[in-house]
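The values are calculated or read from the model by the stated rules, or taken from the named source; none is laboratory data. Note that this is a predicted model, so its numbers are computed, not measured. No Cβ is skipped: glycine too gets one built from the backbone with ideal geometry, and neighbour counts run over all protein chains shown. These accessible areas exclude ligands, DNA and RNA; they are computed on the full protein's heavy atoms, side chains included. Shrake-Rupley method; radii C 1.70, N 1.55, O 1.52, S 1.80 Å.
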Amino acid sequence: MFGISHLGWVHTLGSLPAIPAALYMFARHGRIVPRSTAGGIYFVSMLIGAVSVFLVAHQAVSYGIAVATLVFLLAGYGVGRLPTARSTALYAETIFLSITAFLLMVPTVSETLRRVPDGHPFVTDLKSPLLLGFQGALFAMLIGGLVIQVVSLRRQGKALRTCAKARA
């Protein structure tokens, strides 16, 4: 079905829970929250997906995306544990993990458009305007989302500082 091998299904089904987990956290918190149940699901699913790419990929770009995903994922989940300023770590964590969501969705959209509907896919060429349009839209969503997240974090920081001053 869809020309996917058994290992390909393990990769697909293993990484699939990351999508609803990310959507939930973006909708509820405006960002991926590592120290939450959804954040744990996201981490495990992304790890399964990124590592299993090395078993199923046929293109060099896939390996590059997998390595970048692993680097940003581990950095995003690890930066909050470093002895740095908490606000700086929160910005880095938010940016790194948003990039992982983008890196998840680029191949997801590409592979879906190249495999669905079964036997007559929407896209047969990697330079298809439909595929390039979706990839461009994902990139625009990443940039717009990062701007919104940074502005929101900055506002939250100002509000917390104002409350702290009022209590003092």
Return only the number of the condition from (1) among the hydrophobic types (A, V, I, L, M, F, W, C); (2) modelled with pLDDT under 95; (3) surrounded by fewer than 14 Cβ atoms within 10 Å (Cβ to Cβ); (4) assigned to a helix (DSSP H, G or I) that residue 1 does not satisfy. (4)
Mind listing just one residue for me: the one in region 27-47 that is assigned to a helix (DSSP H, G or I) and either open to solvent by 70 Å² or more (accessible area, probe 1.4 Å) or of a type in the set (S, T, N, Q) (or both) and, of those, nearest to residue 107 (Cα to Cα)? 45
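May I ask you to say which residue of 57, 18 is free of Cβ contacts under 8 Å to residues at least 40 places away in the same chain, under 17 Å from residue 110 (Cβ atoms) and touching a helix residue (DSSP H, G or I) at 6+ places or on another chain (Cβ under 7 Å)? Working first, answer last.
Values: 18 fails: free of Cβ contacts under 8 Å to residues at least 40 places away in the same chain.
Among 57, 18, only 57 is free of Cβ contacts under 8 Å to residues at least 40 places away in the same chain, under 17 Å from residue 110 (Cβ atoms) and touching a helix residue (DSSP H, G or I) at 6+ places or on another chain (Cβ under 7 Å).
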Given (1) assigned to a helix (DSSP H, G or I); (2) open to solvent by less than 30 Å² (accessible area, probe 1.4 Å), number of the condition residue 87 does not satisfy: (2)
Of the residues in region 135-168, how many are at pLDDT 95 or above and open to solvent by 90 Å² or more (accessible area, probe 1.4 Å)? 3
Boolean, residue 109 is farther than 18 Å from residue 20 by Cβ and either surrounded by 16 or more Cβ atoms within 10 Å (Cβ to Cβ) or out of contact with any Cys (no Cβ under 9 Å at 6 or more places or on another chain) (or both): no
